[in-house]
Structures are given as C-alpha cells and as structure tokens.
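The values are calculated or read from the model by the stated rules, or taken from the named source; none is laboratory data. Keep in mind it's a predicted model, so treat the numbers as computed, not measured. Because the Cβ atoms are built from the backbone with ideal geometry, glycine has one as well, and the counts that use them run over all protein chains shown. These area figures cover heavy atoms from the full protein model, side chains too; ligands, DNA and RNA do not enter into them. Shrake-Rupley method; radii C 1.70, N 1.55, O 1.52, S 1.80 Å.
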Amino acid sequence: MNFPEVWESRVRKILTTQDMAPWLDGIPELDAEVYTLGAGTKTEKNIINIPIETMRPEVLINNNTYPLEVQQHEDGSTTVTLDKYQTKPTSVSDDAIMGASYDKIDSVTAGHRREIAIAKNKKAIHALAPASNTANTPIVNVVDGDVYKALVSLKKQFDDAEFPIEGRRIVMCSEHIEVLLNDRDRFADLMVDHVTGKVNRIIAGFEVYSFIGLPFYASGGAKKAYGAIKEETDKQASVAFCTYNVAKKTGNTKQYFKEAKADPEFQANLMSYRHYFIATPVEIKYIGAIL
C-alpha cells in the first residue's frame, strides 16, 4: 500500500519528442578544445576558440598582366562561451528506494538527462533563428495560408544572397507542417515516409524537419527572447539554416550526488547535473525563417 509502483513491471515516464533533434544530425562537433574558466566557482564556464576563414581570393579571367597583384591572407577567430545547463537537485529518500521495485536513482538520472536535452535543443533552434529580417537573414511571412509559396520565396532569397545550396535545412513548426500535410494533392504523400512515419522529404531545396519547441516572433517581426512569455499576437516560426554555418560543441558534464548516509537528518539522496553545450550560427547569415 505504501509503494504501489511495486505492482508495475516498468517505469512509466513522461514522453516527449523535444529531447530529440534530428535536424542537428550529421553536423560534426567542432574540432576545438574546450577550456574551463573558473573551475569550481560560481562563474565557471566552458569556452572554445573558433578560427574564421574570411579570405576570398580574387579570380582573374584571361589575365595577361604580370606580375600578379599579391593579396594578403587574412583570417580571424572568435571565442564562444558554451551555454550552461543545470538541473535543480532531486531528493529521493532511502525509504522510497528500499520500497521500490526498480532502480529509482537510475530513473531520476534518466529524467535529468532528458530534461537537459529538451532545454538545449530548444535553445539551439532559438539561436539558429534570425533576430530580424535582413538580406543575410531573410524572414518571409506566409500569405493567405500558402506555406509552400513562402518556402519558395525563402529559397529565392537564399539564392539571391548566394547561400550554399547544399545543406539547406528547415525545421518547421506544427502549424506549417499541418498546412502542407492537408494539401494532399502536392505534399501529403511527398512529405511523409510511410514506412517510418517521419517527415523527411526535400521541398524547394530544403531538407524538411519538424520540432515542437520553435521560437516565437512578436507582431513587429522581431524574435522574442528565449524563454519569454508568449503573447496572443506572437507567431511561431519555421527556422531555416545552412549546415555549413552551424557550430556545434558539447562541453563538460558533471553529476552531483550526495548519498543518504551523509544526511542523517532527512536520510535522503540528492542528485543534480551540470552540462555545457552550444549550437549557434558561426556568422549572422545563412539563416532564415517563415512566419
């Protein structure tokens, strides 16, 4: 009676798809060393240094003038601070552990990992979304519900800005996916792999993915801050990017654990996690959105 879960053969966990980010699959981790600053202090951070190659040699056609003018090679670097994710400590009493039919500590650990994954995926797609509409970060509005036309318009703006054609991806919000799926004549069969049930087709040159935790934009067209409260007039975006311009890096992970035997007053185990990760555009370009 005290532990009804002993009658369960397995743990029933809260299910979500937000801990999965297939739209980041295939993007390699940056080959950069992670440096820890202020280790063990409240200001501890993980940073990486990324070299940026900006040199674009001029190409001469049918040249007959010598000697050739020399261009000096120039490049630079940028320092990126990884986002820090921390879970609040979870308390699990020894009474609960001894009365459970499963490894409750292991279940708590899995929950912490899952929630960190959800948070970092939502933060990643927010970072890849443009802050506002510019030539290098185009934002297209859906007119009269025609999502496909907006996709084509976004492709045209990517082409006009000479963004790489290879590696274009768009992560679509539920509303835009619904519109395309309801267009049976053009997209219902094209977008869905009926073997796996996944959305994984290419439309207008974009690899199409879906995600629930996409960012919102205010009525004026500016991206709302991560975690900001949603207003009634806000619009959720579908976010497009070129994989070439995505920097992804996983930093350190720490587990903090205090056993119940070190807590004679409450006789409870405490567990929490700290994890570092970043996914961000290398340059503020090669990204776009549909509202």
>> Give me the net charge for the shell around LYS235: Cβ to Cβ below 13 angstrom, other residues only, Lys and Arg +1, Asp and Glu -1.
In response: -1
> Counting only the backbone N, which residues of the range 250-269 are under 18 Å from the spot 7 Å out from the Cα of ASP19 toward its beta-carbon?
Replying inline: 253-256
>> Net charge around PRO138, counting only other residues with Cβ within less than 13 Å of its Cβ (Lys, Arg = +1; Asp, Glu = -1)?
In response: +1
> So what are the ³J(HN,Hα) numbers for the range 230-240, from phi and the Karplus equation (6.51, -1.76, 1.60; θ = phi - 60°), rounded to whole Hz, Gly and Pro as x?
Replying inline: 6, 9, 5, 8, 5, 10, 7, 9, 9, 10, 10
> Which of the lysines could a cross-linker span from LYS224 if the Cα-Cα distance has to be under 19 Å and same-chain partners fewer than 8 positions apart are dropped?
Replying inline: LYS120, LYS122, LYS123, LYS235, LYS285
>> As a test of reading the structure, rank LEU291, LEU154 by solvent-accessible area (1.4 Å probe, protein chains only), most first.
In response: LEU291, LEU154
